[in-house]
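Enquirer: There's a structure below that I have some questions on.
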Amino acid sequence: MSEALNGQCLCGAVKFTATPVGDTMGICHCGMCRRWTGGTFMATDCGNSVVFNDEAKLGRYRGSSWGERLFCTACGSTLLWQTQDGANQHVSVHAFDVPEKFRFESQIFIDRKPDSYEFVNETKNMTEAEVVAMFAPSED
Ligand SMILES: [Zn+2]
Ligand SMILES: [Zn+2]
């Protein structure tokens, strides 16, 4: 997929375009994402392609030393997670007009998922330890 897609928050104060790098989405089951979204964060990798039309109502929450969560300060909608330098942006598929475009490929922090539900899709799953090992800088 290399076409720019339109997205927006619930109230429409924040609108943006983004170009997903692929046609897949992943879910994060970590406690921060669940609290932030009120569900599960279903996101697609958009590289650094997100362009906002107006940032007046754009809120930023830095939940860790390297990541930040962007949302609408008027309606509270979850929009995207990004590294603080903006180089890696993962946009909520539900912020787009066409969330069905994305194939459900992976689940991370699978060991943080509450036992009370699970998705039936066959996906590639990673635990918290596996995710940390993949992204942590090497010691040398
Ligand atoms: Zn809004
Ligand atoms: Zn998460």
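Enquirer: So the check is Cβ under 9 Å with 6+ separation or different chains; which pairs have a first residue in the range 5-23 that's part of a strand (DSSP E or B) and a second one that's more than 15 Å from ligand 1 (Cβ to nearest atom) and polar (S, T, N, Q)?
Expert: Pairs that qualify, where the first residue is part of a strand (DSSP E or B) and the partner is more than 15 Å from ligand 1 (Cβ to nearest atom) and polar (S, T, N, Q), are Leu5/Thr17; Leu5/Thr19; Asn6/Thr17; Gly7/Thr17; Thr17/Ser49; Ala18/Thr44; Ala18/Ser49; Ala18/Gln89.
Enquirer: Within the range 64-71, does at least one residue satisfy the condition of being within 16 Å of Gly7 (Cα to Cα), surrounded by 16 or more Cβ atoms within 10 Å (Cβ to Cβ) and touching a residue at least 60 places away in the same chain (Cβ under 8 Å)?
Expert: Within the range 64-71, one or more residues are within 16 Å of Gly7 (Cα to Cα), surrounded by 16 or more Cβ atoms within 10 Å (Cβ to Cβ) and touching a residue at least 60 places away in the same chain (Cβ under 8 Å).
Enquirer: Are any of the residues in the range 98-111 assigned to a helix (DSSP H, G or I), acidic (Asp, Glu) and within 15 Å of ligand 2 (Cβ to nearest atom)? Reasoning before the result, please.
Expert: Initial filter on the range 98-111 (assigned to a helix (DSSP H, G or I)): 99-101, 110-111.
Subset that is acidic (Asp, Glu): 100, 111.
From what's left, within 15 Å of ligand 2 (Cβ to nearest atom): 111.
Checked the range 98-111: at least one residue is assigned to a helix (DSSP H, G or I), acidic (Asp, Glu) and within 15 Å of ligand 2 (Cβ to nearest atom).
Enquirer: State all residues of the range 88-110 that are modelled with pLDDT of 95 or more and surrounded by fewer than 14 Cβ atoms within 10 Å (Cβ to Cβ); if no residue qualifies, say none.
Expert: Arg103
Enquirer: What is the number of the single condition among (1) under 14 Å from the mean Cα position of the chain (by Cα); (2) within 17 Å of Cys9 (Cα to Cα); (3) surrounded by 11 or more Cβ atoms within 10 Å (Cβ to Cβ) that Gly38 does not meet?
Expert: (3)
Enquirer: What do you reckon, is Ala129 of a type outside the set (S, T, N, Q), more than 14 Å from ligand 2 (Cβ to nearest atom) and loosely packed, with under 14 Cβ neighbours inside 10 Å?
Expert: On the way: of a type outside the set (S, T, N, Q): yes; more than 14 Å from ligand 2 (Cβ to nearest atom): yes; loosely packed, with under 14 Cβ neighbours inside 10 Å: yes.
The answer is yes for Ala129.
Enquirer: Of everything in the range 35-63, what is outside any strand (DSSP E or B), touching a residue at least 12 places away in the same chain (Cβ under 8 Å) and more than 16 Å from ligand 1 (Cβ to nearest atom)? Give them in sequence order.
Expert: Passing the criteria: Thr40, Cys46, Gly47, Asn48, Ser49, Arg62, Gly63.
Enquirer: Going through the range 96-140 one residue at a time, which ones are of a type in the set (S, T, N, Q), over 30 Å from Glu3 (Cα atoms) and in contact with a helix residue (DSSP H, G or I) (Cβ under 9 Å, 6 or more places away or on another chain)? Steps first, answer last, please.
Expert: Restricting attention to the range 96-140, the residues satisfying the condition of being of a type in the set (S, T, N, Q) are 106-107, 116, 121, 123, 125, 127, 138.
Now restrict to residues that are over 30 Å from Glu3 (Cα atoms): 116, 127, 138.
Correct list: Thr127 only.
The values are calculated or read from the model by the stated rules, or taken from the named source; none is laboratory data. It should be emphasised that the depicted structure is a prediction, and the values quoted were computed from it without experimental measurement. Neighbour counts run over all protein chains shown; Cβ positions are idealised from the backbone, glycine included.
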